[in-house]
1. Got at least one residue in segment 257-265 being at positive phi and at pLDDT 95 or above?
2. Would you be able to tell me the number of residues in segment 112-137 that are under 13 Å from the mean Cα position of the chain (by Cα) and hydroxyl-bearing (Ser, Thr, Tyr)?
3. As an exercise: evaluate residue 268 against (1) in a helix (DSSP H, G or I); (2) within 16 Å of ligand 1 (Cβ to nearest atom) and give the number of the one condition it does not meet.
4. Is there a residue in segment 271-285 that is crowded, with 19+ Cβ neighbours inside 10 Å, assigned to a loop (DSSP other than H, G, I, E, B), at negative phi and at pLDDT below 95?
5. Going through segment 194-209 one residue at a time, which ones are within 9 Å of ligand 2 (Cβ to nearest atom) and either surrounded by fewer than 16 Cβ atoms within 10 Å (Cβ to Cβ) or more than 18 Å from residue 256 (Cβ to Cβ) (or both)?
6. Could you list, in sequence order, the residues of segment 180-192 that are within 30 Å of residue 299 (Cβ to Cβ) and free of Cβ contacts under 8 Å to residues at least 12 places away in the same chain?
7. Look through 386, 336, 308, 346 and report the one residue that is of a type in the set (D, E, K, R), outside the structural domain of residue 158 (by TED's automatic domain parsing) and under 40 Å from the mean Cα position of the chain (by Cα).
8. Could you check segment 193-215 and list, in sequence order, the residues that are away from ligand 1 (no atom under 16 Å from the Cβ) and in contact (Cβ under 8 Å) with a residue 24 or more places away in the chain?
Amino acid sequence: MKIKSQRPRGMKDIVFDDAEFLLKIRDLITDFSILNNFKYIETPLIENVKTFTLSLGETTDVISKEMFYLKGKERGEQYVLRPEGTAAVVRAYFENGMISLPQPISLFYFGKMYRKERPQHGRLREHTQWGLEILNSEDPFADFLIIYLFCQFLKKIKIQNFIVKLNSLGCSKCRKKYLKDLIRYYRAYQKKLCSDCQKRLKLNPLRILDCKQESDQKYKELAPNILDYLCKFCKIHFQKVLELMDYFKVNYELDKTLVRGFDYYLRTVFEIFIDGQNFALASGGRYDLGEVISNTALPSVGGALGIERLKLVLDELKISFKPQLTKIFVAFAGEETRPKAFEIYEELQANGFKPQANFFKISLANQLEYANKLGLKYSLILGFQELSREAVILKDMEYGTQEVLKLKNLIKDLRKITK
Ligand SMILES: [Zn+2]
Ligand SMILES: [Zn+2]
């Protein structure tokens with residue numbers, strides 16, 4: 001069958017197992033975030049381009065080549081599909097008067113982001129991110145908490161083999177001297193650097209450290225280390241973050257080449273890696289977008305975890321994430337017994353069971369075959385005889401044994417049996 005219109009490049013339909021996974025993980029993340037006192041925020045998928053150009057910096061890859069622009073302008077404003085969550089959260093903080101609430105403000109989001117990248121393993125053009133942001137706090141405990149919560153969540157879903165890479169990018173004051181020395185260092189190898197890095201040397205020297213080209217790796221080792229340039233305040237701040245990481249036994253290592261893709265980061269930056277994967281599962285850092293978005297200082301820290309990447313990791317680690325199968329299948333013998341079977345199914349639901357059924361298969365044999373495929377432990381079978389006797393057959397699908405249960409005691413008996 002030829003389909004005349006296909007989905008856009010680098011995008012996916014989320015169906016079947018992936019769709020169930022998405023619902024389940026969103027529930028887990030929502031519960032986890034709320035439990036940790038983060039409030040939910042949902043900003044539009046479409047934002048004014050200025051939200052990002054003001055904050056991410058004009059020279060970052062995202063701004064210069066990866067944004068999806070909406071055609072035409074509206075009242076002189078250019079709209080784009082959002083490439084990331086943080087800048088819009090800061091915009092929303094100011095636009096919704098959160099500054100007048102008790103500070104800091106802890107927010108979480110869960111939603112789609114868009115990047116016009118070359119599609120490849122672990123990189124989709126439309127992807128889902130879970131973000132945590134603590135707005136208006138300079139406290140190093142906030143930096144620690146964001147990183148720690150992502151780690152705790154990974155552990156909760158049975159992912160153990162991860163490591164946090166950490167660095168501090170200092171503040172604008174300490175970075176000035178560092179950039180000067182970094183440029184001086186790399187200028188000596190200018191001609192040998194890859195073409196991207198030659199450009200970066202002029203426009204965004206910090207990003208040279210992020211270059212993935214094999215031929216450029218050898219220069220990184222002797223490049224000046226930003227941690228040697230931190231001012232007194234940045235040094236103390238980073239020290240306190242590390243002390244908390246030690247105290248709570250977070251598995252981390254310092255990485256002087258960790259600079260992140262956006263310009264807005266300062267002080268703490270982090271990435272969380274799983275053994276054997278070449279992409280970060282979660283990442284983030286400290287930033288202050290208050291000045292550029294609303295002329296008010298707003299020291300903040302946040303991070304985001306990629307949901308599609310998380311699914312890749314879970315699949316590779318063979319961690320099953322199927323919703324727990326219910327133990328009971330409700331079956332019926334023919335159309336006449338279907339309404340009563342549906343009633344029983346509803347009664348089970350109302351009493352906290354999560355029964356399965358297939359009301360579109362009329363043949364009992366087909367229903368039981370379906371129940372077998374689901375791997376359920378029990379089937380409740382409603383036949384003609386049972387219907388008239390106000391009873392139902394409970395069949396143990398594993399051992400093939402069966403017993404008759406009275407409908408009036410059904411819930412009580414099932415609780416006992418399925419415990
Ligand atoms: Zn500093
Ligand atoms: Zn390079």
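The values are calculated or read from the model by the stated rules, or taken from the named source; none is laboratory data. Owing to the predicted nature of the structure, the values given are computational and were not obtained by experimental measurement. Because the Cβ atoms are built from the backbone with ideal geometry, glycine has one as well, and the counts that use them run over all protein chains shown.
1. No, the conditions are met nowhere in segment 257-265.
2. Number satisfying all stated conditions: 1.
3. (1)
4. Scanning segment 271-285, I find no residue that is crowded, with 19+ Cβ neighbours inside 10 Å, assigned to a loop (DSSP other than H, G, I, E, B), at negative phi and at pLDDT below 95, so the answer is no.
5. Of everything in segment 194-209, those that are within 9 Å of ligand 2 (Cβ to nearest atom) and either surrounded by fewer than 16 Cβ atoms within 10 Å (Cβ to Cβ) or more than 18 Å from residue 256 (Cβ to Cβ) (or both) turn out to be 194, 195, 196, 198.
6. Selection gives 180 alone.
7. Just one listed residue meets the conditions, 346.
8. Listed by number, the residues that qualify are 193, 203, 204, 205, 207, 208, 209, 210.
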